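Here the structure comes first, spelled out in structure tokens, and everything after it is commentary.
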Amino acid sequence: MRRTWCDDMPKTVTAREVYAILQGGLRSRVELGLCKAVADGVLESQNPFEPAAARRPRKWFVLTCVVTGATVGCFLYFNV
């Protein structure tokens, strides 16, 4: 049997199939994602020896929340 140029071509996939493949690949990677990035930026590093231990917020985040809260509180107190 004689081979033609189209015998070596990959199978054509639809946009839905590509989306499903990408979605499955991203869901299997737990270290990716916006929520994970925000949590890593705001919380202290996880203890590798106690992965179930609670992660405390970073000091700069707590300070920023306190200063922002105080600023909003002063603004509301003196203007309302």
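The values are calculated or read from the model by the stated rules, or taken from the named source; none is laboratory data. Note that the coordinates shown come from a computational prediction; the quantities given were computed from them, not determined experimentally. Glycine gets a Cβ as well: all are built from the backbone with ideal geometry, and neighbour counts include every protein chain shown.
Taking each residue of region 59-80 that is closer than 18 Å to GLU44 by Cα and aromatic (Phe, Trp, Tyr) and looking for partners that are modelled with pLDDT under 95 and surrounded by 10 or more Cβ atoms within 10 Å (Cβ to Cβ) with beta-carbon atoms closer than 8 Å, six or more apart or interchain, yields PHE61/VAL42.
Out of all the residues in region 30-50, which are loosely packed, with under 10 Cβ neighbours inside 10 Å and charged (D, E, K, R)? Once the filter is applied, which keeps residues that are loosely packed, with under 10 Cβ neighbours inside 10 Å and charged (D, E, K, R), region 30-50 yields GLU31, GLU50.
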